[in-house]
Each structure stands twice: as C-alpha cells, then as structure tokens.
Amino acid sequence: MLRLIATRVLSTIPVMGVVALIVFFMLRLSGDPAAILAGDTATSEQVEKIRISLGLTKPLYEQFFGWVVQLLRFDLGTSLFTGLPVTTLIAQRIEPTAMLALTTIIFSVCIAVPMGVLAAWKSGGWIDRLVMVICVLGFSVPVFVMGYFLIFNFAITLRWFPVQGYTSPFVDFGRFLTQITLPTITLSFIYVALIARITRASVIEVLGEDYIRTARAKGQIEAKVLFRHALKNAAVPIVTVIGLGVALLIGGVVVTESVYNIPGLGRLVVDAITRRDYPIIQGLIMFFALIYIVLNLIIDIIYTLVDPRIRY
Amino acid sequence: MTAPAAAMPLERLTGVFPFLKRYPLVAIAGVILGIIVLAAVFAPFMFTRDPTALTPLHRLRPASELNWLGTDHLGRDVWSRLVYGARVSVMVGLTVAALSILLGLVIGLVAGYIRWLDAIVMRIMDGLMAIPGILLAIALVSVSGASLTTVIVAIMVPEIPRVVRLVRSVVLTVREEPYVEAAVSVGTPLPAILIRHILPNCIPPLIVQATYVCASAMLTEAILSFLGAGTPPTIPSWGNMVAEARLLFQIAPWNLLWPGIALAVTILAVNILGDGLRDRLDPKLAKRM
C-alpha cells in the first residue's frame, strides 16, 4: 500500500515537469518579456539592456533549467509592478479565494449529488428533465452573466444581500456569510451541472445491477437503496469529476472575484492583466496547476484506500 | 464501432426530419443558430449603423425608435454592436472548433496508432490538462498582445488535449478490429490504414465534440474579453460589451442585459444542438451522459 502511494506521488513529478516545460516555452515563444517590462515607449537599446539583466540572452535550455531550479526553491518570480515576490502576493490574497472555493465545493456537492440521484431514480420523469435543463443551462450561461443576474435581483432589487465585497470569516462570520452567498451560487452553477450530470449517469448505471434488485427484494426502504447501495457504488466517477472540475472552478474564480470585487487570487490575475505583469500570471499558472495535480493525487490515493477493487 | 463503412456518418444522418420531430428543442436550437449566423454574416443589412460611431450627446439612452436597444456610455448604438458582436462569437467558435478538432485528430490518430509516440504525446496532454485553460489563455494574450488571432490560438490550445484523448480512445479500440489486421497483413501503408480504416470511426464522436468545443470557445472568448485579455476593445464583441457595461451596471443595467442574453442563448443553442447530435450519432456516449 505504501509503495503504491509512493509510486503515485512520484508519478506527478513528470507531469509537473511537463507543465513547467509547456508554460515556459509557450510564453517565451509568443512574446518578449523584456519588451513588456520596458513598456511601449522604450528604445531598442533600453530593451536590450533589460534583456541582458534578465538573463534572456542565455540559451533557452539554460534559462529553462534556471527557472526550474527557482521553482524547486518555491520561488515563483518577482512581480514587475510591485517588486514583491509572487509567493508573497499569493500568500496575501489566498484566503478569500480559498474560502470561496471551499463554500462552492460544499454547496455544489450538497445540491448536485441529491439532484443527480433523484434524476436517476425517476429517470425520464419531470424531475429528471428539470435536472437536465438546469445542467444544460449551467454549461451555457457565462459566469459573469449569472453573477450580474443575481446581483440585479437579489442585491439591488430585493436588497437581501450586499452587492459586493468580502469580509474574512475570522473577523465577522455573519458578514462573511451574507457576502459570500451570491458569489458561491454564481460559481457553483457550472460545477453543479457537471456533478449532477455525472451522478445521474453513474447512478442510472448502478441501478441496473443485481445487488440493487436484491436489496429491493429483501424489502430495503427505497431511500436506503438509493443512497447506501446505489450512490456508494457510483461514487468513484462522481468523486473523480469533483476533482477534475476544480479546473473549471479556477477559471470561474477569476471571473467571480472580478464581478463581486473580492480581493483574492483572481483579482491578482485581473490586476496583472491591466499592468501586463506577466510574472504574476506565469507564477499563478504554476501555483494553480500544482494545486490541481495535488488535489487529484489525494483523490486518487483516497480511492485506493477506500475501494479495494482499485489497484493501479 | 463494428462496421468499417466510411459512409457511416451520412447513413446516420438520414431520417433527420423524423428525428427533429421527436426532439423539437434541437430544431429550435438549429433555427436560432441559423438566424444568429445569418445576422452575423449580413450584419450591415440588419438595420444597423456603424457599431463604433460615437454620439456623445446621446449617451446611455434607453430603447427608442432610433436606437432599438438604447445606447451605451459613449452613445454607440447597442443593437448595432450586438449584431456585429455576433460576428466575433461565431467566428471564434467556428475557427476554434475546426482547428482544435483538426489538430487533435492528427495528434490523436498518430499517438493512438504508433505505440512509442503514445507515451510521450499523452504525457504532454496530461500536462496541458493540468494547466487551467483560462489562465493559460490570459497569459498568452498578455504576452503576445491582444488580437483576434492571439485570442483564437490561446483558446484553442487548452481544447486540444480533450480531442486527442477522444480520438486516441477510438483508435485504441478500432486498431484491434479484424479488418485493420487484414489491411496490415495485405501490406497497406500506414497513412492509408489511418485515413481509410481508422479515421471514419472517429468522425461521429468528433462532430459531437466539435459542438462542445464551439460552445466552450464562445464562452472563453467572452470571459477573456470581460477580463480585458481578449478581443481588442475596438472590436465590438459581446464580452467587450459586458466589460464596458459593468462599470455603469447600477445606472444602465440593460446595456449588460442584451449581450448577456445573446451569449447565453447562443451558447445554449450550440449545446442543445450538440446534445441532439450526440443522441443521433453516438448513442453509446448518449447513454453514459
């Protein structure tokens, strides 16, 4: 078992290496960082000077390995605009993003899994159709359209929630809840669609199994059949999608934070776009990729611990 | 996936009308998309004016006979911008879908059939999948400067791995079929095997995938433009319209409403069309979804 986990952990290292390779070469080949740093008014001598000082005249492979060594020391580079290390900026901004991600994941799973199970149970009925409509809408309505729709109705017209802003739950928990509600619903929409659809599909598949018939035949109440027998056996693809869906959340967080004026990592990205502060964007890509890989690694390891049928 | 028939997609497309009768939603989605594409192509004839013409005296006007959907904060006609904005969405959606399917098809065919390449290609695809697509697109646009070409490339790159995986999975099942073995044993050259015997099996799932890529590309373009890392602000696009309208959202919410509805309806129609095509062309996948 330990050896298995060790192999899985080790297998993420080449993936991280490939991520670094792709990010480095794609960004280096599509633009000149020295020119960006120098700005639009710089002369070509100034650009050349910056190029030498940044080490951009060295061969590409040397630059790449230099950058990888930096990454291994948890050094994501330095912001061009503020001059602060990117890791410091991430540490300053991570709390709102982490909180929003956490509330979104909890809310989505609590809504989407029962939705999917119900749709599978009454497959073909009106609940099923309603769930499928919600799913298609979730994949179609852009995050910001959803965000402004909610703000307009529930914050401006009905005044149930504040329009924008963020308060740390460690400062004022009540305020945190009222401010995080709309962003959470906004960000959850696509995630709910994703999870509900896969839950429905895998529960429908499991409901055709012999042991479900057996459970029903012995007089087990339907709720237990659904949630204990069916859902448990359908869990693997659902949990996988919850992990893979984090990629969607990362994109959505940037937009949601921008709509609701939440000072998190997403806002860091948006500010970096307007200032053309590309080390921040590059550093955040590496950071988010690492989170995504580690999260999916943890999910993989949990499978092997929980489900004895899975042996890689 | 048993028949080698190259004519399979065509065969399955016959009987379209009874199918549309059974799924009226797909027909409606098709009609809506047709209207949007026609409006985009014939934008100058859609009772529009110059979508970038400023009329500073007529700023933030509500809907009137002159400006069907009102004007924005610079006095530009919202209806004209909405119609011209369809051009960007339609173009980005179609181009990204076509290019990423084409590239993904070539990479997937080769990776699925040539064993030693498979490991390398799939590791690269795993790496690409781990990078959040929107962030990668933002980075590419901010490094190489905003232009429609950059936006298309930036949206296309993160879409490729999913197409590659799909094609590869079809190739891996088809390559074991007796007719492929037969083709190999009579000495058919590799390109001919790939193109004549394996490629046709990839087409039905790829058509379905193309619609999803198209929807996702339109969504990403809007998000990039909304964040200020997409289509240059001089070109009217739905994402740009939302980005500009958000600043005055409390005063003139309708300026955000129209491009928002246009985006949602268009992407919804593409997705419904995709689901319909999936039920028709790829019943195996339809069962699992």
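The values are calculated or read from the model by the stated rules, or taken from the named source; none is laboratory data. Everything numeric here is computed off the predicted structure, so don't read it as measured data. As a convention, Cβ positions derive from the backbone with ideal geometry for all residues, glycine included, and neighbour counts pool all protein chains shown.
What the table below lists for this structure:
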{"item": "Only one of B:L194, B:L224 that is more than 12 Å from chain A (Cβ to nearest Cβ) and in contact (Cβ under 8 Å) with a residue 40 or more places away in the chain", "result": "B:L194"}
{"item": "Within segment A:244-280, considering residues that are in a loop (DSSP other than H, G, I, E, B) and within 10 Å of chain B (Cβ to nearest Cβ), the one modelled with the highest pLDDT", "result": "A:D277"}
{"item": "Selection status of A:A230, buried (at least 19 other Cβ atoms within 10 Å of the Cβ), in contact (Cβ under 8 Å) with a residue 60 or more places away in the chain and farther than 25 Å from A:L102 by Cα", "result": "yes"}
{"item": "Qualifying residue in segment B:70-86 (condition: under 28 Å from B:V265 (Cβ atoms) and surrounded by fewer than 16 Cβ atoms within 10 Å (Cβ to Cβ))", "result": "yes"}
{"item": "Residue among B:A146, B:A217 that alone is small (G, A, S) and either modelled with pLDDT under 90 or surrounded by fewer than 20 Cβ atoms within 10 Å (Cβ to Cβ) (or both)", "result": "B:A146"}
{"item": "Any hit, segment A:139-155, residues being within 13 Å of another protein chain (Cβ to nearest Cβ), in contact with a Leu (Cβ under 7 Å, 6 or more places away or on another chain), polar (S, T, N, Q) and without any contact (Cβ under 8 Å) to a residue 12 or more places away in the chain", "result": "yes"}
{"item": "Test for B:T211: is it more than 10 Å from chain A (Cβ to nearest Cβ) and either surrounded by fewer than 20 Cβ atoms within 10 Å (Cβ to Cβ) or of a type in the set (A, V, I, L, M) (or both)", "result": "no"}
{"item": "In segment B:242-274, residue surrounded by the fewest Cβ atoms within 10 Å (Cβ to Cβ) [restricted to those that are of a type outside the set (A, V, I, L, M) and at the interface with chain A (Cβ under 9 Å from one of its Cβ atoms)]", "result": "B:Q250"}
{"item": "Boolean, A:R73 is charged (D, E, K, R), closer than 21 Å to A:M16 by Cβ and either surrounded by fewer than 16 Cβ atoms within 10 Å (Cβ to Cβ) or in contact with a Gly (Cβ under 8 Å, 6 or more places away or on another chain) (or both)", "result": "yes"}
{"item": "Checking B:A146 against (1) under 30 Å from A:R276 (Cβ atoms); (2) assigned to a helix (DSSP H, G or I); (3) within 21 Å of the chain's Cα centre (by Cα), the condition it does not meet", "result": "(2)"}
{"item": "Those residues of segment A:43-58 which are assigned to a loop (DSSP other than H, G, I, E, B) and more than 35 Å from the chain's Cα centre (by Cα), in sequence order", "result": "A:T43, A:T57, A:K58"}
{"item": "Residues being outside any helix (DSSP H, G or I) and within 14 Å of the chain's Cα centre (by Cα) - total across segment A:178-212", "result": "0"}
{"item": "Residue within segment B:110-124 that is at the interface with chain A (Cβ under 8 Å from one of its Cβ atoms) and at pLDDT below 90 present", "result": "yes"}
{"item": "Some residue of segment A:96-106 being closer than 30 Å to A:A223 by Cβ, surrounded by fewer than 15 Cβ atoms within 10 Å (Cβ to Cβ) and among the hydrophobic types (A, V, I, L, M, F, W, C)", "result": "yes"}
{"item": "Meets criteria (hydrophobic (A, V, I, L, M, F, W, C), within 14 Å of chain B (Cβ to nearest Cβ) and buried (at least 21 other Cβ atoms within 10 Å of the Cβ)) for A:I291", "result": "no"}
{"item": "Single condition B:I152 does not satisfy, out of (1) within 30 Å of B:R280 (Cβ to Cβ); (2) not in a helix (DSSP H, G or I)", "result": "(2)"}
{"item": "From the options A:V19, A:V69, residue that is modelled with pLDDT of 85 or more and away from chain B (no Cβ under 14 Å)", "result": "A:V69"}
{"item": "Answer from B:T150, B:T71 - the residue that is free of Cβ contacts under 8 Å to residues at least 40 places away in the same chain and in contact with an Asp or Glu (Cβ under 9 Å, 6 or more places away or on another chain)", "result": "B:T71"}
